[in-house]
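Notes to accompany the following structure.
The values are calculated or read from the model by the stated rules, or taken from the named source; none is laboratory data. None of the values given here were measured: they were computed from a predicted structure. Heads up, the Cβs are rebuilt from the backbone with ideal geometry, glycines too, and the neighbour counts pull from every protein chain shown. Areas reflect the complete protein model, heavy atoms only, side chains present, ligands, DNA and RNA absent. Shrake-Rupley method; radii C 1.70, N 1.55, O 1.52, S 1.80 Å.
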Amino acid sequence: MTRRVLVVDDDAAILEVLEMRLMAMGFDVMATRDAQAALGAVEDARFDLALLDLRMEPMDGIRLMESLHERQPRLPVLIMTAHGTIETAVDAVQRGAFDYLTKPFVRDELRAKIGRALATRRWARDRERLLAVGQTLASSGVMERVLDAVAQATVETTEAERCVVFQLQQGRLLPMASAGSPPPSWPALETAARAAMDKGVPTTFPGIETGAIVAAPLLVQRGPAGALVIETPSRVEPTEDDLELLALFSSQAAVAIRNTHELERLRSGALAALGRMATQVAHELKNPLAGLRLYARHLEQRLAKTGDGDGASLAQKISGTVDHLAAVVSEITAFGRPPELHRAPVALHALLDECVSFAQARITTEGIEIFRIYDPTAPPQAMLDPRELRKAFLNLILNGLESLAPGGRLTVTTAWAADTKALTVTIEDTGGGMPDETLSRIFDLFFTTKPQGTGLGMAIARSVIDLHGGELSVHSVVGQGTRVVARLTIEPVPRRAEGTAP
Ligand SMILES: Nc1ncnc2c1ncn2[C@@H]1O[C@H](COP(=O)(O)OP(=O)(O)OP(=O)(O)O)[C@@H](O)[C@H]1O
Ligand SMILES: [Mg+2]
């Protein structure tokens with residue numbers, strides 16, 4: 001797109017020279033000796049730059065500039081002045097001119113100052129659009145997606161090389177979103193982000209290769225939540241205006257972050273309420289189901305007596321289905337109050353084997369390796385609740401397997417400490433791991449990041465381990481994997497009880 005330049009000078013000869021030079025530089029030029037004509041032109045079209053002579057009659061360059069700015073507030077103006085009036089030129093800059101040019105023109109100076117003024121213009125160009133984009137972004141969405149959009153829009157509207165949005169999470173700055181070309185150095189961007197967060201205002205640093213790094217803090221009520229960092233190409237030099245622009249954008253990003261946090265809190269509150277409701281509904285279903293089961297059994301017996309084999313087997317199917325429903329209902333109500341443990345001698349390694357093969361059958365991911373490293377010195381049996389423990393370990397193993405990509409590895413390890421009677425079961429995966437935000441909520445009822453998940457697995461596992469007087473801990477690194485450790489204090493089964501099935 002050709003850029004439009006307005007030139008106003010009451011000296012016809014200078015006007016002609018300038019017009020020719022600017023056209024040779026590839027600009028679309030409107031040259032006039034008449035201030036009123038210039039004002040009219042700005043009413044009709046947007047200009048990218050204006051060159052105004054300082055000494056003009058009846059309206060001087062500064063007054064003309066101010067009138068032009070009333071019509072196009074961000075129009076960069078270069079004031080032209082002859083030697084000896086530098087003070088007035090400085091005054092012009094203070095009153096809103098971008099820079100001044102001394103007459104007669106030095107070729108390189110003209111080119112350089114026009115270049116700089118245009119670069120600035122580019123930065124400021126889409127301020128209104130930016131505001132609109134920001135407001136849209138702030139209104140909704142999943143945080144990662146919002147931040148991606150912020151980064152993308154920043155690169156597009158500022159013509160920066162790249163943009164990275166950092167977020168502060170438990171003292172660490174994590175790059176949450178980026179756009180543009182990948183940065184040659186992350187630490188430089190991170191350092192800029194930290195400095196801007198410390199200062200609380202947008203800050204400029206020299207770039208890694210060329211250009212500059214500009215960082216603007218993301219401020220939420222509690223303080224800086226991160227920073228929006230851009231790196232500019234060499235030809236674009238950030239100015240005060242740019243800093244203001246970035247501050248504007250980063251404040252929109254901060255609002256987006258805050259809104260998303262709030263939304264997530266609301267969502268988890270709603271889910272918890274839903275959970276309580278489900279528990280209540282399940283409770284209400286229990287009695288009618290018990291009745292139904294009784295009638296079905298009755299029917300089955302009667303039909304069997306009258307010799308109606310088909311009828312009896314239908315009735316049997318009904319009571320079987322009702323039994324299944326009743327089991328589901330009691331699983332749900334179990335969240336209301338923890339179940340009592342029914343301890344029996346349990347061969348823990350066999351129970352773990354069972355869970356592994358069951359979980360394996362449910363997973364379709366190819367090429368997964370499962371390792372079992374059992375401590376041979378562990379007591380063969382201990383008094384535990386096999387039903388409950390099976391639920392807990394199955395969930396933990398399933399979570400591990402579900403996190404794996406093809407070629408991933410799951411390891412189940414046991415370790416026995418005879419002195420403390422502590423049996424440690426470790427389930428470790430080489431899956432995607434989880435960020436701190438997820439980690440802090442995995443035990444919440446109904447918290448899930450899976451499209452088909454119920455968010456009950458971890459809550460079940462912890463309550464089972466707790467009931468056994470044990471401890472469950474989780475350690476996870478994003479991109480590396482997760483290690484879940486269940487520490488149980490167990491009572492080995494005396495010799496004579498050994499051999500009983502788990
Ligand atoms: N080994 C793991 N690796 C990565 N993320 C995990 C792991 N274990 C748990 N998580 C995270 O914790 C969340 C909660 O786990 P939880 O088992 O409670 O529910 P779920 O697996 O989503 O659903 P389900 O009720 O089907 O088990 C998961 O959605 C997942 O984000
Ligand atoms: Mg699970």
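Antiparallel beta bridges, as assigned by DSSP with both residues in the range 328-480, represent about 70 percent of the total such bridges.
Solvent exposure of ILE363, expressed as accessible area, is near 40 Å², computed with a probe of 1.4 Å over the protein chains only.
The lysines whose alpha-carbon is closer than 16 Å to the alpha-carbon of LYS450, local same-chain residues fewer than 8 away aside, do not include any residue. Of the whole protein surface, ASP108 contributes about 110 Å² of accessible area at a 1.4 Å probe radius.
Our summary gives the range 371-437 a relative contact order of 37 percent, counting only alpha carbon pairs under 8 angstrom and 6 or more residues apart. Note on THR365 and TRP186: their simple-model spin labels are 2.2 nm apart, each label 7 Å out from Cα toward Cβ.
Under a Cβ-Cβ cut-off of 15 Å, what is the net charge of the residues other than THR191 that fall near it, where Lys and Arg count +1 and Asp and Glu count -1?
Numbers: positive: ARG172, ARG194, LYS199; negative: GLU190, ASP198, GLU231.
Within the 15 Å Cβ shell, the charges total 0.
Over all other residues within a Cβ to Cβ distance under 11 Å of GLU66, the charged ones net out to +1, with Lys and Arg as +1 and Asp and Glu as -1.
Spin-label model, ALA326/GLU354: points 7 Å from Cα along the beta carbon direction are separated by 2.2 nm.
The slack between TYR295 and ASP375, meaning 0.36 nm per residue of separation minus the straight C-alpha distance, is 23.8 nm.
If R0 is taken as 56 Å, the Cβ-Cβ distance between ALA12 and SER440 corresponds to a FRET efficiency of 0.15. Under the simplified labelling scheme, the ASP28-MET383 pair shows an inter-label distance of 9.1 nm, with each label point 7 Å from Cα along Cα→Cβ. Cross-link partners of LYS286 among aspartates and glutamates, defined as those whose alpha carbon lies under 12 angstrom from its own and excluding same-chain residues fewer than eight positions apart: ASP323, GLU331.
Using a Förster distance of 41 Å, how high is the FRET efficiency between ASP419 and ASP198, based on the Cβ-Cβ distance and rounded to 0.05?
The computed FRET efficiency comes out at 0.25.
Evaluated at q = 0.12, 0.17, 0.27 Å⁻¹, a Debye calculation over the C-alpha positions of the range 443-497 (equal weights, vacuum) places log10 I(q)/I(0) at -0.41, -0.69, -1.11.
Diffusion coefficient of the range 365-464 by Stokes-Einstein, Kirkwood radius over Cα pairs, 10 °C, 1.306 mPa s: 106 µm²/s. Within the shell defined by Cβ-Cβ distances under 14 Å, the residues around MET56 carry a net charge of -4, with Lys and Arg each +1 and Asp and Glu each -1. As a fraction of the 1.4 Å probe accessible area of the range 343-411, surface on carbon and sulfur atoms comes out at 53 percent. The aspartates and glutamates whose alpha-carbon is closer than 20 Å to the alpha-carbon of LYS317, local same-chain residues fewer than 8 away aside, are GLU300, ASP308.
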